[in-house]
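Worksheet: one structure, shown below.
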Amino acid sequence: MSYQTEITTAAHLIGGNGNPWKGIDAEAVARMRLQNRFQCGLDIARYTAGIMRRDMAAYDADPAAYTQSLGCWHGFIAQQKMIAVKKHFGTTKGRYLYLSGWMIAALRSQFGPLPDQSMHEKTSVPALIEEIYTFLRQADARELSGLFRDLDKARAAGNEVDEQRLLNAIDSHETHVVPIVADIDAGFGNAEATYLLAKKMIEAGACAIQIENQVSDEKQCGHQDGKVTVPHEDFIAKLRAVRYAFLELGVDNGIIVARTDSLGAGLTKQFAVSQQPGDIGDQYNAFLDCEEIEDTTQLNGDVLINRNGKLMRPKRLASGLFQFRAGTGEERCVLDCITSLQNGADLIWIETEKPHIEQIAGMVDRIREVVPNAKLAYNNSPSFNWTLNFRQQVYDAWARDGRDVSAYDRAKLMSADYDGSELGQEADERIRTFQRDAAARAGIFHHLITLPTYHTAALSTDNLAREYFGDAGMLGYVKNVQREEIRQGIACVKHQNMSGSDIGDDHKEYFAGEAALKAGGANNTMNQFAA
């Protein structure tokens, strides 16, 4: 609905209520409505699910149309990301946000910093989704507030050209609200628990929920050891639980991202139920590491299975867990992905131990033999040493091609001595094009970094502390923070405005007219940043 239509609609409503509503200004109502276009989280979930579905279709037509996101652990961080995206690129198209369970555990739990093992309060997940969207909606309100103020100035100056330009900008305003891919870990319990938590996440605004195939009470970070997977039927039940949650709440186009940790998971807690040879349960059990048993008289409390007519004893650890045969990780990943896509998942996520396009593509090629339009979300993880991995990949490629690599020590390729070298430059170029190349070759629709702002916060704080508490003193802040904010046009330099002070002044004027006591007067020190 256009700005003028909103004004007309509000004026009709106000006029219909007679004298008691005479102090209500129709244009002010229109402005407030435009600044708050999403009335609840479900509005957001439906809107952003539509964005993702259109983006997925665009990727199917052209793999160059892949999407990206950065992980965030606070609404303010998410807000600043999307403000920066609009500032630098003019649109949020193809840029999402990722909500990482790892960062919630490490930064948002009432227990204090925790490892990524589903020990944090599960209610903190939907709470963060709601917080993020509160900040993104405030970014909309702030940006529109600036347009409204400029419109008033243009009108006061009689500048009709500027007035029309601003009216067009208001009508074409693009929201900061973008899809969130939200991490539900392994579901925080059984399928019913997964369903209940998924509902809360969707009600908060999540249009895409990512769930992994680990055991809930044994859950580990995907890049740590000790991961334990569940049989496919158990995981399918949770996929269905999430779909039911979407459908119950009317988000019929919600997205489910099914993650497999099987590449690095060598353990299972239970056998799969198999009804007949070759079914999905039988295929899961076929990966178990077993030894043939002929004499059962010496067995005590052991579990035995029938494999091709032979009595087999799966190898069980002291923990009671059973292990898979070594070297079966990729086979299990392929089966996981195909099974998930055939049972309701929209995207798959293969957690890998390194960023290697051909490793991913080798699995995706096999998956696409069965599900031709299979698409991935991929974790461009800070757990990878990207510099070392890609320098090693270049080194190995050169060595295979017969190039002279005698100037390089493969064991010390992380050294800054190689930063300006030909090998270092080629590795950096491969890192730069990794997402583009992987989207084209390995079926990756969505590239994300799980923990970027965890690391940027630590790095920037370390740099500030070194300068401020050292010889630089206050110059350490002014030179490296405030001066850069001003020169790079970082909106947060006007922190009062960013916190909503000007929006509040607008409202005060709507409510009290000339009697409003506003904060943005001549003595507001934010005026120092007007230039």
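All of the numbers you see were taken from the coordinates with simple rules; none came from a lab. From a predicted model like this one, the values you see are computed outputs, not experimental measurements. Quick reminder, even Gly has a Cβ in these numbers, built from the backbone with ideal geometry, and neighbours come from all protein chains shown.
Here is how the numbers come out for the structure above:
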{"item": "Projected label distance in nm at residue 87 and residue 60, using a 7 Å step from Cα toward the beta-carbon", "result": "3.8"}
{"item": "Whole-number D in µm²/s for the stretch 184-333 (Stokes-Einstein; Kirkwood sum over Cα pairs; 25 °C, 0.890 mPa s)", "result": "147"}
{"item": "Value of [θ]222 nm, deg cm²/dmol, for the chain, DSSP H segments ≥ 4, -39500 (n - 2.57) each, nearest 500", "result": "-15000 deg cm²/dmol"}
{"item": "Gain in span if fully extended, residue 398 to residue 169, counting 0.36 nm per residue against the direct Cα distance", "result": "77.2 nm"}
{"item": "Overall dimensions of the stretch 326-412 by Cα: Rg and Dmax, Å", "result": "16.2, 52"}
{"item": "Whole-number Å³ per residue for the convex hull built on Cα positions in the stretch 132-176", "result": "43"}
{"item": "Segment residue 509-residue 76, extension gain: residue separation times 0.36 nm, minus the distance between their alpha carbons", "result": "153.2 nm"}
{"item": "Principal axis dimensions, largest first and in whole angstrom, of the stretch 264-390 by Cα", "result": "55, 34, 20"}
{"item": "Cα-centre dipole for the chain with unit charges at Cβ (Lys and Arg positive, Asp and Glu negative), debye to 20", "result": "720"}
{"item": "Whole-angstrom gap from the stretch 8-39 to the stretch 350-394, using each part's C-alpha centre", "result": "53"}
{"item": "Zone of residue 40's modelled label, taken as backbone nitrogen in the stretch 183-208 under 11 Å from a point 7 Å along Cα→Cβ", "result": "203-204"}
{"item": "Residue 153/residue 342 FRET efficiency (R0 56 Å; Cβ-Cβ; nearest 0.05)", "result": "0.45"}
{"item": "Förster-model FRET efficiency, 22 Å R0, residue 383 and residue 433, C-beta, rounded to 0.05", "result": "0.55"}
{"item": "Fewest-first ranking of 486, 256, 280, using other Cβ atoms within 10 Å as the exposure measure", "result": "486, 280, 256"}
{"item": "Unsatisfied cross-links (Cα-Cα over 21 Å) in the set 93/494; 81/354; 354/375", "result": "93/494; 81/354"}
{"item": "Entry for mean projected area of the Cα convex hull in nm² (calculated from the structure that is shown) out of (1) 26.4; (2) 34.0; (3) 23.4", "result": "(2)"}
{"item": "Helix 452-468 axis, angle to the chain major axis (alpha carbon atoms, nearest 10°)", "result": "60"}
{"item": "For peptides 97-106, 499-508, 308-317, sequence by mean Cβ density within 10 Å, most packed first", "result": "97-106, 499-508, 308-317"}
{"item": "Those aspartates and glutamates that a straight Cα-Cα span of less than 17 Å connects to residue 86, excepting residues fewer than 8 apart in one chain", "result": "140, 143, 171, 174, 485"}
{"item": "Top positive-direction residue, dipole computed over the chain with Cβ charges, set 1, 468, 138", "result": "1"}
{"item": "Integer Hz, Karplus 6.51/-1.76/1.60 couplings in order for the stretch 198-211, x for Gly and Pro", "result": "4, 4, 4, 5, 5, 4, 7, x, 5, 9, 9, 10, 9, 10"}
{"item": "Distance (nanometres) between label positions extended 7 Å along Cα→Cβ at residue 477 and residue 330", "result": "5.4"}
{"item": "In order through the stretch 178-191: 3J(HN,Hα) via Karplus (6.51 cos²θ - 1.76 cosθ + 1.60), integer Hz, x for Gly, Pro", "result": "10, x, 10, 8, 10, 8, 9, 6, 9, x, 6, x, 7, 4"}
{"item": "Separation of alpha-carbon centers, the stretch 180-232 and the stretch 306-322, rounded to whole Å", "result": "28"}
{"item": "Principal axis box of the stretch 38-173, alpha-carbon based, largest edge first, Å", "result": "61, 40, 27"}
{"item": "In nm, spacing of pseudo-spin labels at residue 68 and residue 323 (7 Å Cα→C-beta vector)", "result": "4.1"}
{"item": "The chain: angle of helix 124-156 to the longest principal axis, Cα-based, in degrees nearest 10", "result": "30"}
{"item": "Segment residue 295-residue 464, extension gain: residue separation times 0.36 nm, minus the distance between their alpha carbons", "result": "53.9 nm"}
{"item": "Eligible lysines near residue 219 by straight Cα distance, threshold 20 Å, same-chain separation 8 or greater", "result": "122, 227, 238, 269"}
{"item": "Exposure proxy ranking, count of Cβ atoms within 10 Å, fewest first, for 142, 487", "result": "487, 142"}
{"item": "Calculated FRET value between residue 22 and residue 528, using beta carbons and R₀ = 56 Å, to 0.05", "result": "0.90"}
